[in-house]
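A short write-up of the structure that comes next.
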Amino acid sequence: MLSYKAPIADIKFLIEDVFDYYGHYQKYPEFVEATPDLNDAILQECAKFCENELLPLYQSGDKEGCTFNNGAVTTPKGFKEAYNKYVEGGWQSLSHPIEHGGQGLPPSLGMAKSEMMGTANWSWAMYPGLSHGAMNTVQSHGSEAQKELYLTRLTEGSWTGTMCLTEPQCGTDLGQVKTKAEPNEDGTYNITGTKIFISAGEHDLTENIIHIVLARLPNAPAGTRGISLFIVPKVKTDAQGNLGESNHVTCGSIEDKMGIKASATAVLNFDNAVGELIGPEHKGLECMFTFMNTARVGTALQGVCTAELAYQNSLIYAKERLSMRSLTGKKFPEQVADPIIVHPDVRKMLMTQKAISEGGRAMIYYTAKIVDEIEMAKTDAEKEAADERLGFITPILKAFLTELGSESANHGLQIFGGHGFIKEWGMEQIVRDARIATLYEGTTGIQALDLLGRKILLTRGKSLKAFTKEILTFCKDKSMISQSPHKRQMNKFIWPLSKATANWQQYSLRLALKAKKDRDIIGSASVDYLMFSGYIVMAYFWAQMAQAAYEKLATDVENRDFYRAKIKTAEFYFERMLPRTKSLAKTMMADPKTLMQLDQELLSFL
Ligand SMILES: Cc1cc2nc3c(=O)[nH]c(=O)nc-3n(C[C@H](O)[C@H](O)[C@H](O)COP(=O)(O)OP(=O)(O)OC[C@H]3O[C@@H](n4cnc5c(N)ncnc54)[C@H](O)[C@@H]3O)c2cc1C
């Protein structure tokens, strides 16, 4: 049986000591309620719910999976009861606006809740998680009447939401969407088409499901410029939200998948289902993009959740499993053998997992502050600036953290040896569940093209310049010129970080120059470039954590071991993970020729 304890000390370290959330909240009168006392109480309560209610359903949910019977989907035993408790506890409404029944707390505090729930049981957490996406879309682009009707129910959790983009012929290339929207005289639309892979598309947790659907109006231009967005409820309602007849959205089947088996992935058939337009005609994809960045941060979080769950369980096992003796002599002579944690190779895997989960969490909690800024922006210029920062960091977070989440899950399985391959221990489930995160919400390859193509080359590196300036300012501020002893200790992080950041700028420029001569370099370099960028971004946050830990060491004597552990992990990261950038730099600069020169007919002689 897997275990999970919410890492409250690590979360509080980030919130209080590294990112100063409470100072940040003071900028916004709307967040006056977000005090340390309230937040501590929320973290404690959430931890109890996750450890006691959600974790016990993680492995049983995988074993049982969802069942499909004649259009109806039943979630695994215990899921509905846990969902009801979640709604009763007011968890869904935590960080949503007060005017539609929310508690008005900052989105950044909601991130801690999502992290704990996602780590305890990702499949379960997807049901309320998808609702957040639908809610954000209605909040940003819906009319007042749509907000009143749909947001209120979604916020209280009595209905859930979905995002219906993918169709059989297209997932990445949404320009190929075929679902049709025919206008009715009363201003509604009849939606007809098939959507596949719809998470939480059908289930037994709530009485209604609100689908946010991409579809084409008659005579819409071809491609992405002709797609509009619609709200389509599973069950029709009146203006007060009283349920009426079925809206002709039927579930054709659910997928039999590699992982996240307790999360229903539905084929949905829309057969003249009545929908309402949300946002302007033909601007559906643009409307979705506002929401997609936040949804992608949510998926990036899956990487951290996976890394944390795998690490916590690997650590317990590595302390208990006995095998041979330490290379430097017996460490536990009273036992028949030493625990595997004494072996450097096992340590390397554990430290890698620890660096990924804590470094990844820092990347997410930094970004959550930007999400607050977007929500609280008072002017278009403020919103645009925050949107641009989020848009730049999102593909890095999404692809880098989900790839590293998978790496951590695999290290976990390896630490368990042959037992890792056996279902009972739960490690193979973590590997299977982690894998989807690199695929949905835009694959790693697509995130990488977005980063290098759209966010770097198309903007002539505008956001990169701003972000690298932020890192270099941090480096300058913490450099050895300072008299303070902990600042001198920081030099072991500051020099390599400054150097890597300067390299990031230079390689970006060199790639831009190469791309002028050969467009294929964008595609051949992009994934390596994204991973290269990710390691530097993570190094920045490990340096910040080390900095905060040195400061706390001087004042907080009670928790010295905690801060020392942060510094030692930062040292590990800089010595054993940041150097991965060297190999990535080499491969990303390589000529695309070796990828493309072999004629596709010659790729196999079968
Ligand atoms: C469990 C699960 C849950 C999902 N949940 C949802 C959901 O709730 N709502 C929803 O709408 N969708 C959902 N999806 C769909 C998911 O977002 C898509 O599967 C994903 O975006 C990839 O699309 P695709 O499967 O069509 O792959 P394709 O687009 O066919 O891509 C195949 C491969 O080609 C690569 N590729 C494609 N185009 C390019 C290019 N131009 N350059 C370089 N490489 C390229 C891709 O990176 C990938 O490796 C879900 C999928 C799964 C499996």
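Summary of computed values
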item: Qualifying trypsin sites (Lys or Arg not before Pro) in segment 40-99, DSSP loop, other Cβ atoms within 10 Å at most 10; result: none
item: Out-of-range pairs (alpha-carbon distance over 27 Å; input Lys469/Lys582; Lys195/Lys462; Lys257/Lys283); result: Lys195/Lys462; Lys257/Lys283
item: Backbone HN-Hα couplings from phi across segment 4-21 [Karplus 6.51/-1.76/1.60, Hz, Gly and Pro as x]; result: 8, 10, 4, x, 4, 4, 5, 5, 5, 4, 5, 4, 8, 9, 9, 10, 6, 4
item: Chain lengthening between Ala222 and Arg432 when straightened (0.36 nm per residue, less Cα-Cα); result: 71.9 nm
item: Cα gyration tensor category, rounded, prolate or oblate, for segment 535-578 with a/c compared to 1.5; result: prolate
item: Over the chain, relative contact order from alpha-carbon pairs under 8 Å, at least 6 apart, %; result: 12 percent
item: Whole-angstrom gap from segment 286-325 to segment 335-373, using each part's C-alpha centre; result: 9 Å
item: Other-chain or far-sequence residues with amide H under 5 Å of Ile227's (modelled H); result: Gly284, Leu285
item: Cα shape, segment 249-320, gyration tensor, a/c 1.5 rule; result: oblate
item: Tilt relative to the chain, helix 79-88 - C-alpha long axis, 0 to 90 degrees, to 10; result: 90 degrees
item: Reduced Cα scattering model of segment 446-535, Debye log10 I(q)/I(0), q = 0.12, 0.14 Å⁻¹; result: -0.43, -0.55
item: Charge dipole (debye, nearest 20) of segment 363-451; +1 at Cβ of Lys and Arg, -1 at Cβ of Asp and Glu; result: 360 debye
item: Inter-centroid distance (Cα atoms) of segment 84-98 relative to segment 396-422, Å; result: 32 Å
item: Cα→Cβ-extended label distance, 7 Å offset, between Lys378 and Thr188, nm; result: 4.2 nm
item: Pairs of Lys in segment 307-442 closer than 16 Å at Cα, counting only those 8 or more apart or on different chains; result: 6
item: Cα gyration tensor shape of segment 234-354, rounded if a/c is under 1.5, else prolate or oblate by comparing a/b with b/c; result: prolate
item: Nearest 10 degrees, 0 to 90: helix 107-120 Cα axis against the chain principal axis; result: 80 degrees
item: Backbone HN-Hα couplings from phi across segment 500-515 [Karplus 6.51/-1.76/1.60, Hz, Gly and Pro as x]; result: 4, 5, 5, 4, 4, 5, 5, 5, 4, 5, 5, 5, 4, 5, 5, 5
item: HN-Hα J in Hz across segment 299-315 - Karplus 6.51, -1.76, 1.60, θ = phi - 60°, x for Gly and Pro; result: 6, 4, 4, 4, x, 5, 4, 4, 4, 5, 5, 5, 5, 4, 6, 5, 5
item: Selection from Tyr550, Met531, Ala512, by position along the positive dipole direction of segment 467-606 (Cβ); result: Tyr550
item: Residue among Ala409, Phe467, Gly445 farthest towards the positive dipole end of segment 408-523, charges placed on Cβ; result: Phe467
item: Charge dipole (debye, nearest 20) of the chain; +1 at Cβ of Lys and Arg, -1 at Cβ of Asp and Glu; result: 2940 debye
item: Charge dipole (the chain, unit charges on Cβ, about Cα centre) - positive-most of Ala222, Phe562, Ala368; result: Phe562
item: Cα centroid of segment 133-165 to Cα centroid of segment 178-254, whole Å; result: 13 Å
item: Stretch in the chain that is longest and holds no GluC sites (Glu not before Pro) that DSSP places in a loop and that have at most 14 other beta carbons within 10 Å; result: 335-606
item: Crossing angle, helix 520-555 versus the chain [Cα axis fit, 0-90 degrees, rounded to tens]; result: 60 degrees
item: Sequence-separation-based contact order of segment 481-606, relative, with Cα cut under 8 Å and 6+ spacing, percent; result: 33 percent
item: Space enclosed by the convex hull of the alpha-carbon atoms of segment 127-179, per residue, Å³; result: 103 Å³
item: Test item: Cα-centred dipole of segment 557-604, Lys/Arg +1 and Asp/Glu -1 on Cβ, debye; result: 340 debye
item: Size-normalised alpha-carbon gyration radius of the chain, reference 2.2 N^0.38 Å; result: 0.98
item: Approximate spin-label separation Ile316-Val32, in nm, with each point projected 7 Å along Cα-to-Cβ; result: 4.4 nm
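None of the figures in this text is laboratory data; all of them are computed from the coordinates on show. Please read these numbers as outputs of a predicted model, since none were measured by experiment. For neighbour counting, all protein chains shown are included, and Cβ atoms are generated from backbone atoms with ideal geometry for every residue, glycine included.
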